[in-house]
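Engineer: Below you'll find the structure I mean.
The values are calculated or read from the model by the stated rules, or taken from the named source; none is laboratory data. Remember, it's a predicted structure, so these values are computed and weren't measured experimentally. FYI the Cβ positions are ideal-geometry reconstructions off the backbone, even for glycines, and counts take in every protein chain you see. These area figures cover heavy atoms from the full protein model, side chains too; ligands, DNA and RNA do not enter into them. Shrake-Rupley method; radii C 1.70, N 1.55, O 1.52, S 1.80 Å.
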Amino acid sequence: AKRVSKKNYHFFDDEIRTQTINELEIENNLREALLLNELEVHYQPIVSNRTKKIESFEALIRWNSTKLGYIYPDAFIPIAEKTGLIIDIGAFVLEKACSFIADLNRRSEMKYGVSVNISVVQLMEDHFASQVLQIVEASQLPKDLLTLEITESMMMEGNENILAKIFYLKNQNIGISLDDFGTGYSSFNNLIRLPLSYIKLDRSVMKDSIVNENVFKLLESVVIFAHKAGIEVVAEGIENDDYLKRSDAMGIDFLQGYYFSRPVGESQVKKILNK
Ligand code: C2E
Ligand code: CA
Ligand code: CA
Ligand code: CA
């Protein structure tokens, strides 16, 4: 994987993330974003720590609004959840991601996987599980190449209904990844009761592990537990060599972060892979 110059998007990041657009304005424009084709899915490579080769991609939504400019998901996903728009947006991301990766795999010897972020609002829908299966089957992506990223905050309510859907999808060979591990709600309970394929260590705890030896030891123990339980571990926010060394020392399986690549559009993915 190619490294992307850091300078460019730091500049880009600062400029965009400091702008404040009012929620109502976002809500009004988001309703039309799908129809106007303003939503796009970008992909961030996830590499094997052993081979440093790309194994899969995380799908991340992007919104380039004609009226409001470029808006990051942190600014509009919560509004999409509040208004229920996340149902259609989430289905759009799933469809896009599965069909793009299926298409990519047709052109290559390598079978790439794809991870898609799922909102709790989607999981609460009655037909969520059957919809996921329908989408992945229509795309002809083998089911075991799709992973759903869920967060621990979803499990807070202890909703048996949600848990049942997660087990059902896992039994259908779809991967389940516990996202943002180490932020807020981390609990033993989630680690032992969820049918996990992956744990994703949040970039904030990865950062802490560099300066705080106890954080390092705790994450190292999480990796040991995960491997004993047949779960693989992904480290997020890998930005430089310090993170790489820490990840190695912890025995991390997969790496994701700006050090390898920022999230990029479809044509850029093909370029990176020479497809
Ligand atoms: P997340 O799932 O934790 O995604 C990782 C975020 O970290 C992404 O931000 C990614 O661009 C960023 N990132 C990756 N590598 C690095 C790094 O090395 N350094 C730093 N500083 N950041 C890095 P992004 O794309 O802005 O997404 C933010 C959040 O929005 C996501 O956090 C996820 O919770 C949510 N999101 C994004 N796309 C979707 C989607 O399609 N559906 C749902 N429900 N949520 C989404
Ligand atoms: Ca994620
Ligand atoms: Ca995450
Ligand atoms: Ca996050």
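Engineer: Give the peptides 262-269, 85-92 in descending order of average Cβ contacts within 10 Å, highest first.
Structural biologist: Details: 262-269: 16.5, 85-92: 19.6.
Listed from highest to lowest mean packing, they are 85-92, 262-269.
Engineer: At 1.4 Å probe size, what's the solvent-accessible area of Tyr168? Round to the nearest 10 Å².
Structural biologist: 100 Å²
Engineer: Another question about this same structure. With a 1.4 Å probe and every protein chain kept in, tell me what percent of the accessible surface of the chain is carbon plus sulfur. Walk me through the numbers before you get to the answer.
Structural biologist: Values: 6790 of 13830 Å².
Of the solvent-accessible surface of the chain, carbon and sulfur hold 49 percent.
Engineer: Provide the solvent-accessible area of Ile192, counting protein heavy atoms only and rolling a 1.4 Å probe, rounded to the nearest 10 Å².
Structural biologist: 120 Å²
Engineer: With every protein chain left in place, what is the accessible area per residue of segment 123-208 in square angstrom, probe 1.4 Å?
Structural biologist: 47 Å²
Engineer: Also, I was wondering about something else. Largest first, how would Glu213, Glu38 line up by accessible area (1.4 Å probe)? Walk me through the numbers on the way to the answer.
Structural biologist: Values: Glu213 90, Glu38 20 Å².
Heavy-atom accessible area, descending, gives Glu213, Glu38.
Engineer: Now for a separate question. Please work out the average accessible area per residue across segment 53-119, using the 1.4 Å probe convention, and give it in Å². Each step should come with its number before you reach the end.
Structural biologist: Working: 2760 Å² over 67 residues.
So segment 53-119 comes to 41 Å² accessible per residue, rounded to a whole number.
Engineer: Hey, another quick one. What are the ³J(HN,Hα) values, in whole Hz, obtained from phi via the Karplus relation 6.51 cos²θ - 1.76 cosθ + 1.60 with θ = phi - 60°, for each residue of segment 97-107 in sequence order, with x given for Gly and Pro?
Structural biologist: 5, 5, 6, 5, 5, 4, 5, 4, 5, 5, 8
Engineer: Over 29 Å between C-alpha atoms is what I'm after, so list which of Lys96/Lys245; Lys143/Lys275; Lys111/Lys217; Lys67/Lys170 land there.
Structural biologist: Listed pairs above 29 Å: Lys96/Lys245; Lys111/Lys217; Lys67/Lys170.
Engineer: Taking Cα centroids, how far is segment 130-157 from segment 199-268 in Å?
Structural biologist: Spelled out, the Cα-based centre of one part sits 23 Å from the other.
Engineer: Taking Cα centroids, how far is segment 64-87 from segment 22-51 in Å?
Structural biologist: Distance between centres, Cα-based: 8 Å.
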